[in-house]
Amino acid sequence: MKFILKVLSAVRDFVWRATTNPVSTIGVALATLASISFLAIVAFELAGVPIGHYVGIVSYLILPAIFLLGLALIPIGLRLQRMQEQKTGQPRRFAVLDFNNPRVRSVALLVLVLTVVNLMIVSTATFKGVEVMDSTQFCGDTCHTVMAPEFTTYQRSPHSRVKCTECHIGSGANWFVKSKLSGSWQLVSVALNLYPRPIPTPVENLRPARDTCEQCHWPTKFIGERLRFFNRFAEDEKQTEKKTILLMKTGGGETGRAHGIHWHVDPDLTIRYRSDKSRQKIFDIELTRGNGKPEMYKLDGATPDGAEPGWRVMDCVDCHNRPTHVYQMPKDELDAVLTSGELDKSLPFIKREGLKAIQQTYSSHADAKEGIRKALAEFYRTNSPDLLEKHADRIDRAADTLTRVYARNVFPEMRITWGTYPNFLKHEPGCFRCHDSEHKNEQGKKISKSCSLCHEVLAAEEETPEILELLHP
Ligand code: HEC
Ligand code: HEC
Ligand code: HEC
Ligand code: HEC
Ligand code: HEC
């Protein structure tokens, strides 16, 4: 009992001392308010009340910052006060801590206990704060407009269960700190509306794929060949279906013996190149096998002025630059929804008219919805009024599908339109940036563009490919 009274009086003395000047008073108030709110939120969470990620951000990032600010203000205020007192003539003196004095003992105990509690609060907050910042919600959803394109495309990709940070940060303290430093600037630029639209690509300081992609996929794993089917639809009345079938020479294999497409990422060799900023125009290519002499492939004539000064070491992202933020071109998107049945193939000329409608310029997704609906209604009103009358619902559904196709590829607020983010996993601008039969080495040998280097074309736009008859006898 006596002990508790003593502690209480120590608290009173401390508060009295710490509130004799305004700076420390504000500090005490901030620290107290922040810690009470923080403990309340933690208690709610422990009790199983679901807290959204906004509350998460407030409680684990903002409250601790206020708390620490409050704590820092207390000694600053006391120091200022002491300086003030010195000015008024009192000699400069250090406090004498006499542990025989029971009051000093209880104040010391109080400070010790408070410090332990503070450390616990700060470390829980740090741990939780990191967890919040690591979450896909935080990266993808917090700044809605800014990250909407990346988040939308990500959610449809094979990586929609991989966290943003697994590709953008990876493991290790070094990259973690780097990302938090650039992240702080990003927060400021979003808050002040300074960010570029669209967000520029390529990401210049993306962590090398060796430390990210290769944690889950590695070159020796890709062995062999893969059949790829492409369903293409003509822009005629019936959307005539044509099949293209490729045998992709995926390759890969043991270090030093890799072949095929994944030969480029054999750890035994290094390919470096110089290009323009967009990496779409590649100038000099340097290939080094094992410890061998570097072999240089160049275009005729001098390297133009637009070339970036640095060399880039080729990795996964030079071909798979869109492993998760996948934007399609209009024709490919319509082929995909016609294949899946999402777009009604029996509507006459729906591909041709759909293509026209989704390639108009709209100011927002809502505007696009309106415009696409109008365009289809207009077309069928003039060309097949019967159909519009009897099957208005089918035309409406088609307009909805086209709107969805538009909304997952075009983001007017971020000035992203068809083709803003090119995909390098195709001929142009992709493999043919180097495999163009124009890059030559000193002996005049070209980087091959032979049609069977990367794949065998088993069928090219055929209605009834022979190879399919073989596969489905
Ligand atoms: C599978 C790996 C992977 C995941 C998961 C991933 N990204 Fe990316 N991200 C990339 C690659 C690769 C690029 C493009 C690199 C390049 O072209 O330089 C990129 C580019 C970006 C860009 C620049 C704009 C662009 O499209 O080029 C932003 C912003 C971005 N990512 C945000 C996110 C967010 C937010 C998430 C989580 C919702 C996320 N990323 C998840 C691999 C990934
Ligand atoms: C945390 C693990 C992880 C990381 C990191 C990761 N991936 Fe993946 N990747 C996956 C999973 C899981 C799949 C889906 C496999 C499936 O659907 O069969 C996948 C699928 C793929 C596919 C095949 C898509 C298809 O159409 O079959 C490619 C290509 C790919 N990843 C490339 C990359 C690249 C490039 C990076 C680095 C930028 C990367 N991955 C980073 C786990 C990862
Ligand atoms: C020279 C360009 C290039 C590079 C570099 C490259 N890939 Fe690929 N990758 C391809 C192509 C092309 C395909 C085949 C796509 C298809 O089947 O249509 C492919 C297929 C894949 C697949 C799915 C096919 C399978 O058989 O599993 C994965 C996963 C993959 N790559 C991951 C990677 C990773 C990880 C790296 C980096 C270590 C990498 N790739 C480097 C071009 C490349
Ligand atoms: C940065 C330049 C560059 C890009 C981009 C590039 N390649 Fe290559 N590729 C090379 C070089 C250099 C060689 C070796 C040429 C030689 O030995 O004649 C090569 C060789 C190959 C080989 C033969 C490998 C073997 O078995 O020896 C294949 C297959 C191949 N590339 C496929 C692709 C595909 C598919 C893409 C696009 C997805 C692509 N490349 C993009 C530079 C590139
Ligand atoms: C350096 C590698 C490479 C070379 C050389 C190459 N291709 Fe391709 N080709 C690819 C890749 C990669 C794809 C895209 C696969 C995908 O979309 O996943 C592709 C796709 C195709 C397609 C399907 C296109 C579609 O989307 O319907 C056809 C057809 C094709 N190639 C024909 C050819 C012909 C003909 C040649 C010879 C002039 C050739 N290719 C040379 C790598 C190559």
If Gln328 satisfies all but one of (1) farther than 30 Å from Leu402 by Cβ; (2) more than 15 Å from ligand 4 (Cβ to nearest atom); (3) within 21 Å of the chain's Cα centre (by Cα), what's the number of the condition it fails? (1)
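Which residues, taken from segment 213-225, are over 19 Å from Gly260 (Cα atoms) and away from ligand 4 (no atom under 16 Å from the Cβ)?
To start, the set of residues in segment 213-225 that are over 19 Å from Gly260 (Cα atoms) comprises 213, 215-216.
Matches in segment 213-225: Gln215, Cys216.
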Considering only residues that are more than 16 Å from ligand 1 (Cβ to nearest atom) and among the small types (Gly, Ala, Ser), look in segment 206-235 and name the one that is farthest from Lys180 (Cα to Cα). Ala234
If you check every pair at least six apart or on different chains, which have Cβ atoms under 6 Å apart with a residue in segment 188-204 that is over 14 Å from Thr420 (Cα atoms) and at pLDDT below 90 first and a residue that is more than 16 Å from ligand 2 (Cβ to nearest atom) and part of a loop (DSSP other than H, G, I, E, B) second? Ser189/Tyr195; Val190/Cys143
Any idea which of Arg210, Arg228 is basic (Lys, Arg), under 31 Å from the mean Cα position of the chain (by Cα) and within 16 Å of ligand 4 (Cβ to nearest atom)? Arg228
Residue hits (segment 306-342; closer than 27 Å to Thr382 by Cα and either among the charged types (D, E, K, R) or in contact (Cβ under 8 Å) with a residue 60 or more places away in the chain (or both)) are Pro330, Lys331, Glu333, Leu334, Asp335, Val337, Leu338, Glu342
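Residue-by-condition table, conditions (1) near ligand 3 (Cβ under 10 Å from one of its atoms); (2) farther than 20 Å from Pro323 by Cβ; (3) among the hydroxyl-bearing types (Ser, Thr, Tyr); (4) touching an Asp or Glu at 6+ places or on another chain (Cβ under 9 Å):
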{"position": "Thr201", "(1), (2), (3), (4)": "no, no, yes, no"}
{"position": "Thr212", "(1), (2), (3), (4)": "yes, no, yes, yes"}
{"position": "Gln215", "(1), (2), (3), (4)": "yes, no, no, yes"}
{"position": "Gln239", "(1), (2), (3), (4)": "no, yes, no, no"}
{"position": "Arg257", "(1), (2), (3), (4)": "no, yes, no, yes"}
{"position": "Val265", "(1), (2), (3), (4)": "yes, no, no, yes"}
{"position": "Arg274", "(1), (2), (3), (4)": "no, yes, no, yes"}
Those residues that are surrounded by 15 or more Cβ atoms within 10 Å (Cβ to Cβ) and under 15 Å from Gln280 (Cβ atoms), I need them from segment 431-458; list them, please. Cys431, Phe432, Arg433, Cys434, His435, Asp436, His439
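Looking at segment 195-244, which of its residues are among the basic types (Lys, Arg) and away from ligand 5 (no atom under 16 Å from the Cβ)? Show your work before the answer.
Taking segment 195-244 as the starting set, the residues that turn out to be among the basic types (Lys, Arg) are 197, 207, 210, 221, 226, 228, 232, 238, 242-243.
Arg197, Arg207, Arg210, Lys221, Lys238, listed by residue number.
How about segment 187-288: which strands (runs of 3 or more DSSP E) wholly inside it have at least 2 residues that are among the aromatic types (Phe, Trp, Tyr)? Break it down into steps so the answer makes sense when it comes.
Working: elements: 226-233, 241-248, 269-275.
Output list reads 226-233.
Among what's in segment 397-450 and is aliphatic (A, V, I, L, M) and more than 16 Å from ligand 1 (Cβ to nearest atom), pick the residue that is farthest from Tyr154 (Cα to Cα).
Here is the first cut: in segment 397-450, the ones aliphatic (A, V, I, L, M) are 398-399, 402, 405, 407, 410, 414, 416, 425, 447.
Remaining after also requiring more than 16 Å from ligand 1 (Cβ to nearest atom): 398-399, 402, 405, 407, 447.
Working: Ala398: 24, Ala399: 24, Leu402: 20, Val405: 15, Ala407: 14, Ile447: 34 Å.
Per the criteria, the residue is Ile447.
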Here are Lys163, Lys178: which of them is without any contact (Cβ under 8 Å) to a residue 40 or more places away in the chain, surrounded by 13 or more Cβ atoms within 10 Å (Cβ to Cβ) and within 18 Å of Thr324 (Cβ to Cβ)? Lys163
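Is at least one residue of segment 367-380 part of a loop (DSSP other than H, G, I, E, B), of a type in the set (Phe, Trp, Tyr) and out of contact with any Leu (no Cβ under 7 Å at 6 or more places or on another chain)?
First, the residues of segment 367-380 that are part of a loop (DSSP other than H, G, I, E, B): none.
For segment 367-380, residues part of a loop (DSSP other than H, G, I, E, B), of a type in the set (Phe, Trp, Tyr) and out of contact with any Leu (no Cβ under 7 Å at 6 or more places or on another chain): absent.
Residues checked against (1) in contact (Cβ under 8 Å) with a residue 12 or more places away in the chain; (2) within 16 Å of ligand 3 (Cβ to nearest atom):
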residue: Lys390; (1), (2): no, no
residue: Arg397; (1), (2): yes, no
residue: Thr420; (1), (2): yes, no
residue: Leu425; (1), (2): yes, yes
residue: His439; (1), (2): yes, yes
residue: Gln443; (1), (2): no, no
residue: Pro473; (1), (2): no, no
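The values are calculated or read from the model by the stated rules, or taken from the named source; none is laboratory data. Everything numeric here is computed off the predicted structure, so don't read it as measured data. For neighbour counting, all protein chains shown are included, and Cβ atoms are generated from backbone atoms with ideal geometry for every residue, glycine included.
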